Amino acid sequence: MNSKLHQWTLMACVAVMLVVGAAPAGAGVSDAWVSTKVKMLLMNSPAVAGYPIDVDTDEGRVTLHGKVPSNAEKTEAGRIAKAGTGVVSVRNLLQVVPESRLKGVDLADDQLKDYVNAAIKAQPALANSSIQVKSVNKSVVLLEGKAATLSDHLFALQVTAAVPGVRQVASEIKSPDDFADREIWFDQPPVDPAQGTAAMDGWITAQTKFRFMTDADIAAGDINVDTRRGIVTLFGTVPNASISDKAVAVAKAVPGVKSVNRELRVVAASQKKQETANDDKVAAEVRKRLGDAKLKGADVHVEVKAATARLTGTVQYASDRYAAVAIARGTPGVGWVRNDLRLENPTAVKP
């Protein structure tokens, strides 16, 4: 390992300790939580900070997508992602495209500190958080304070990284280590869509994936979704161009989406391994997985016919509805999910 990459690795270990933390106490680790934590790790890494890397997670399997200038950055991004809590595996789809980093902007550290503080203060979405710059050393910005939500923590990092002259972001921000239900799972946007916050981005990603999972034509497991400032990136595979078009249209219809980047490859269905199973066996497996998930207070009934899983009954929380659909959709033999689950209390917040 060359000395520069060794230095990156040591600094990235520090970032891991600052950002990852433990999994939310007393709760399962959601895919949205894993994606957020991996994004934060990548943004805090001196090796790959500054490169727009898309992150999506499906049942703990993380997919990285985007462009980096060398194999060293690609390898390091994969290593950093694997260090994330709740990560089962990493599929590294980063493309190596030789290019120089964005043109640097050299500013005195004191001046850069003022610019970053001003950028954070200018964000209405961070009004309930108290976040500021603790120090700047050679364009490496260390943030401190308290974020009202996990999404605000990520958003503060994103705002800071976007300030010209910032080469790396580190964090000592204290924040909740899980998503409040309203941040991700409720049917209505958590904030004004025009604000373009991390909370809005997370909600858009979850809503898009939910709509894919409940669409008869879209193979949701083959399409990854990431959102940055209201811009959705779809990457993965589809069986034909018409499904690609439909996926884009579904994503565009989600409130708050400004545009959709299509990074989908067409792979004929005949080239993909087909999984077939008896409907009764598939239904039994879905029920088993739902039972293992231990969704408190949920009463979910499962029917499977011709690879279509229909979920009926009730769940207590919006996040559990999403989890139930995701569990069913991820079960081998399920082609799509018809979601007829009802929320016992549509405004209930999971403790």
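The values are calculated or read from the model by the stated rules, or taken from the named source; none is laboratory data. Small disclaimer: the values here were computed from a predicted structure and weren't measured. Cβ atoms come from the backbone with ideal geometry, glycine included; neighbour counts cover every protein chain shown.
Mind checking whether some residue in region 159-181 is surrounded by 20 or more Cβ atoms within 10 Å (Cβ to Cβ), assigned to a helix (DSSP H, G or I) and polar (S, T, N, Q)? Yes; the residues of region 159-181 include at least one that is surrounded by 20 or more Cβ atoms within 10 Å (Cβ to Cβ), assigned to a helix (DSSP H, G or I) and polar (S, T, N, Q). Residue pairs whose Cβ atoms lie under 9 Å apart, separated by 6 or more positions or on different chains, with the first residue in region 205-222 and not assigned by TED's automatic domain parsing to the domain that holds T233 and the second in a loop (DSSP other than H, G, I, E, B) and of a type outside the set (S, T, N, Q), do not occur. Determine whether region 109-123 contains at least one residue that is modelled with pLDDT under 90 and part of a loop (DSSP other than H, G, I, E, B). No: zero hits. Of the residues making up region 58-101, those that are of a type outside the set (D, E) and part of a loop (DSSP other than H, G, I, E, B) number 15.
Test E285 against the stated conditions and say whether it is at pLDDT 95 or above, surrounded by fewer than 21 Cβ atoms within 10 Å (Cβ to Cβ) and acidic (D, E). So E285 fits the description; yes. Within region 295-334, the set of residues being free of Cβ contacts under 8 Å to residues at least 40 places away in the same chain, assigned to a loop (DSSP other than H, G, I, E, B) and within 24 Å of the chain's Cα centre (by Cα) comprises L295, Q316. If you go through region 213-231 and keep only what is surrounded by fewer than 24 Cβ atoms within 10 Å (Cβ to Cβ), out of contact with any Gly (no Cβ under 6 Å at 6 or more places or on another chain) and modelled with pLDDT of 85 or more, you end up with M213, T214, D215, A216, D217, I218, R228, I231.
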